[in-house]
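See below for the structure under consideration.
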């Protein structure tokens, strides 16, 4: 073998040995504990139905249909994606400890539990928060476990906290607005105000529309019987279908409150957001 080829062969062999050694170092870590086992064998992608039963509260039921999750009970509504993700992670929560329950379940907040969660055919009881560790006691299959609070706390939330706080859900596109005193229409790709206001720039009108498109409430509550103080009509496109959505103004101060009768819910915004959603120009 020529010296030049021999040198290259030795260099390649040396690099291969070094790479293999580095891989072994990464994979073999003596003394490192194994990863915690999951609470159940159920993965989030396998879940199709969740029922949460809390003390002295109406059942909360969530169902997945064609890949989309919705709240079914106590009302039919859209879900907050972040809180939904937390709830769906409960069955696969890592078990961080197995406390001794010989003294009973009351000390863990599990007699009675704060919530019973039925995920497909699995039942998980959710108890108290550990006073120091930021973990929550749960019970599954007759055994008590400590799991991260980030995986279990959502089971104890009131159902209103599970709601999507966006006024318009994912995939809903605004194409027209009728407000007290004026309307906006999308014409040939450009938003126009009627009656026209020459002092308004296109950027100002586009920003106003985006305020509506992205409007997110501080709180969402069940619909009340308060009389409507006014109405706003939105023209929206959803899944290639165009329809009108009528909103009722329930309050201006100290909060701006919009009612969606189609959902049976009221969306609460700060007062200044209410002014930004209703004022555009000299009206």
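Looking at segment 68-130, I'd like the Rg to Rh ratio, where Rg is from alpha-carbon atoms and Rh is Kirkwood's inverse mean 1/r. Spell out each step's value before the answer.
On the way: Rg = 14.4 Å, Rh = 13.8 Å.
Ratio of gyration radius to Kirkwood radius for segment 68-130: 1.04.
Taking only the alpha-carbon positions of segment 224-283 and ignoring solvent, what does the Debye formula give for the base-10 log of I(q)/I(0) at q = 0.14, 0.17, 0.18, 0.28 Å⁻¹?
The Cα Debye sum returns log10 ratios of -0.44, -0.62, -0.69, -1.19.
Can you sort 157, 252 from fewest to most other Cβ atoms within 10 Å of each residue's own Cβ?
252, 157
Calculate, axis by axis, the spread of Cα positions in segment 44-162 along the three principal axes, and write the results as whole Å, longest axis first.
44, 29, 26
May I ask for the angle, rounded to the nearest 10°, between helix 3-27 and the longest principal axis of the chain, with both axes built from Cα atoms and the value confined to 0 to 90°?
70 degrees
Just want the ordering: 160, 150, from fewest to most Cβ atoms lying within 10 Å of their own Cβ.
Placing the least packed residue first, the sequence is 150, 160.
Tell me, what is the percent relative contact order of the chain, built from C-alpha pairs under 8 Å that lie six or more residues apart?
Relative contact order here is 13 percent.
Return the whole-Å distance between the Cα centroid of segment 209-241 and the Cα centroid of segment 121-168.
31 Å
Helix-derived [θ] at 222 nm for the chain: sum -39500 (n - 2.57) over DSSP H runs of at least 4, divide by residue count, nearest 500? Could the numbers behind the result be given before it?
Values: 5 runs with 57 residues, N = 283.
After summing the helix terms and dividing by the residues of the chain, the value is -6000 deg cm²/dmol.
Express the C-alpha Rg of segment 155-225 as a ratio against the empirical globular expectation 2.2 N^0.38 Å, rounded to two decimals.
Cα-based Rg divided by the globular estimate yields 1.45.
If we sort 209-222, 99-112 on the protection proxy, mean other Cβ atoms within 10 Å, highest first, what's the order?
209-222, 99-112
How much of the calculated P(r) for segment 172-278 lies past 25 Å, in percent of all Cα pairs?
Across segment 172-278, Cα pairs with separations above 25 Å total 20 percent.
Obtain the radius of gyration and the Kirkwood radius of the chain from its C-alpha atoms and give Rg over Rh.
1.19
Coordinate-derived values only; no laboratory data. Just so you know, these numbers come straight off a predicted model, no measurement behind them. Using ideal geometry, Cβ is built from the backbone for each residue, glycine included, and neighbour counts are taken over all protein chains shown.
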